[in-house]
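Before any comments, here is the structure.
The values are calculated or read from the model by the stated rules, or taken from the named source; none is laboratory data. None of these values were measured; they are calculated from a predicted model. Cβ atoms come from the backbone with ideal geometry, glycine included; neighbour counts cover every protein chain shown.
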Amino acid sequence: MLPVLVGPHNKWIRFAKLVAFIWLLYLLSNHLQVFTASTLDLGWLDKNIPFIADTVWIYFSYFAIFFFAYHLESDKEYLNKYFYGLLLLNLLSNLIFIFFPVTYERTHAPLIADAGTLTKLSFELIFFLDPPRNCYPSLHVSIAFFSAFHWMSRNHLRFVAFFSWATLISASTLTTKQHYAVDTLSGFILASGVYYLVFYRLDFSGNHNSPKHTVDLTENGH
């Protein structure tokens, strides 16, 4: 039984705190690693998917997808489920990053010399802020697909739009050579598991409801 953390009065304050927390958690796990990171063998997809520099902008849209999913949500129950889901995805991923770190060799780095100025600068920013150690599972993929699953039982149009967007983000993790194919698959599986847990197994303030039924969780109603 979980407390209702987010409501209309504190929606964006809570979101700002969540983003700050998960970003700090990610930086700590990526820069202060206890165990030596492993390098995986490249699979068939890793070897045959080409490096496409300009897809870095799709890669960066990861930051927008969960912002818009949060922004568009007006139902308090689903807003809390989404909030808890984002938190759980990051906690689980960072535990894996700490105890089972996986790194990706950036052999594509010289290729960005031929990219446009802004694209080149975006890669240089990634290389500076994000050492290639927190690879498995891909948070880009898990959060993107969780943002899509969030709409699956209620809004078909939004689900299709967010799922398509998440698919493009997943592809961009491969075309920018930031992740192995297995990282994207594990991110999708993690998103599916957290979606099921948060939307079907967790309850708020004593209400037992599936995600197909909206519950009034107003300030005096829980």
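Quick notes
- Verdict on Phe63 being within 28 Å of Tyr180 (Cβ to Cβ), surrounded by fewer than 13 Cβ atoms within 10 Å (Cβ to Cβ) and hydrophobic (A, V, I, L, M, F, W, C): yes
- Selection status of Asp130, within 18 Å of the chain's Cα centre (by Cα) and either surrounded by fewer than 18 Cβ atoms within 10 Å (Cβ to Cβ) or at pLDDT 95 or above (or both): yes
- Look at (1) crowded, with 18+ Cβ neighbours inside 10 Å; (2) modelled with pLDDT under 90 and you find that Val34 fails only one, number (1).
- In the stretch 1-17, the residues that are in a helix (DSSP H, G or I) and under 16 Å from Lys76 (Cβ atoms): Lys11, Trp12, Ile13, Arg14, Phe15
- For the stretch 166-181, the criterion of being without any contact (Cβ under 8 Å) to a residue 24 or more places away in the chain and surrounded by fewer than 18 Cβ atoms within 10 Å (Cβ to Cβ) is met by at least one residue.
- Odd one out for Lys212, checked against (1) charged (D, E, K, R); (2) within 19 Å of Ile65 (Cβ to Cβ); (3) at pLDDT below 95: (2)
- Any hit, the stretch 185-207, residues being over 12 Å from the mean Cα position of the chain (by Cα), part of a loop (DSSP other than H, G, I, E, B), on the phi > 0 side of the Ramachandran plot and of a type outside the set (A, V, I, L, M, F, W, C): yes
- Subset of the stretch 170-180 [under 17 Å from Asn134 (Cα atoms) and in a helix (DSSP H, G or I)]: Ser170, Ser172, Thr173, Leu174
- Some residue of the stretch 88-107 being more than 20 Å from the chain's Cα centre (by Cα) and not β-branched (Val, Ile, Thr): yes
- Where Leu91 falls short, out of the listed (1) hydrophobic (A, V, I, L, M, F, W, C); (2) surrounded by fewer than 16 Cβ atoms within 10 Å (Cβ to Cβ); (3) farther than 16 Å from Ala191 by Cβ: (3)
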